[in-house]
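Participant: Structure incoming, see below.
Please treat every number below as a calculation from the coordinates, not as lab data. Here the structure is a predicted model, which means the values were calculated and not measured. Ideal geometry is used to build each Cβ from the backbone, glycine not excepted, and the neighbour counts take in all protein chains shown.
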Amino acid sequence: MAVKKEADEVEIDFLKIFGLLWKNVLVILLVASIFCAAALTYTVFMVTPKYEAVASMYVNNSSFSFGQTSFSISSSELSASNALAKAYIFILETRETIEEVIKEAGLNYTYEEIMNRKMISTQEITGTAIFKVKVTSTSPTEAELIANTIVKVLPTRIEEIIDGSSVRTVSFAIVPAHRASPSYTKASVLSFVFGAVCSCLWIIVRDFRDRKYNAVITGADDLSRRYPDLMILSVIPDMSLKSKNNYYSSYYGSERKRGKKNENKQ
């Protein structure tokens, strides 16, 4: 990575960054694969799969009343039916309705457990008088049982509260054949991408740190490469080098040897 600091500004060469990453592509792939394998292993063995069962109901009414106030609404008026759907959903989520569902289905849950775990959710179908009831559970048969029990209990509850109004079942829930979560593919892809991004950032930061804080000049060529605008006037030779091509080291080395021989003769 080429980073040039001039007048307190840092210039980053993205082409050099790409080259740096490409040079370490095997490291990046290895780290990403480790992240992917770890996430997939955790998802498969540690995360409990959940299943969803869905039933749908249709808002049907001709007239209804709240207390002493009566209303007359045509079933063709979808806006009014949508308002009724919201009221039906509210009735569904009340403690009395949920406890009746628990009793009817013979469940070992409390109202708080079902609501805190968000086992029951609803969804209005835009532009229609239909709403869906979705039940999420770790057991596919339990999810189907709760959803169909709601379909059985809710109409009676609505008739007790709203006069002249009812719901009809559009579709019953079936036992889900596949888990709704977690998604092994999603976990693998996200963890692989996360591992690749982390390794790329680590490589870039390490290279930048090494060049900024550990900028050791190894020679005249290194100095010229890092600062091409500067002119090298002279070079101090390293007397400790024993290369034959180094005139100074060979000369002074031979002088030391001759000095030692003269001492031995004396």
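Participant: For the ranges 105-115, 125-135, what's the packing order if you count other beta-carbon atoms within 10 Å of each residue, average per peptide, and put the highest first?
Facilitator: Those peptides, ordered most packed to least, come out 125-135, 105-115.
Participant: When the chain is fully extended, how far beyond the present Cα-Cα distance does Glu93 get from Phe208, taking 0.36 nm per residue of separation? Intermediate values should be presented prior to the final figure.
Facilitator: Working: separation 115, 0.36 × 115 = 41.40 nm, distance 5.68 nm.
Extra length available between Glu93 and Phe208 comes to 35.7 nm.
Participant: I'd like to compare 197-207, 46-56: which one has the highest average count of other Cβ atoms within 10 Å, and what's the full order after that?
Facilitator: On the way: 197-207: 15.4, 46-56: 16.9.
Taking the mean over residues of other Cβ atoms within 10 Å, the ranking is 46-56, 197-207.
Participant: If I stretch the segment between Thr48 and Arg179 completely, what's the gain in nm (0.36 nm per residue apart, minus their alpha carbon distance), one decimal?
Facilitator: Numbers: separation 131, 0.36 × 131 = 47.16 nm, distance 1.00 nm.
Full extension from Thr48 to Arg179 adds 46.2 nm.
Participant: Which distance in nm do the two modelled labels at Lys23 and Ser171 give, with both placed 7 Å along the Cα-to-Cβ direction?
Facilitator: Label at Lys23, label at Ser171, 5.8 nm between them.
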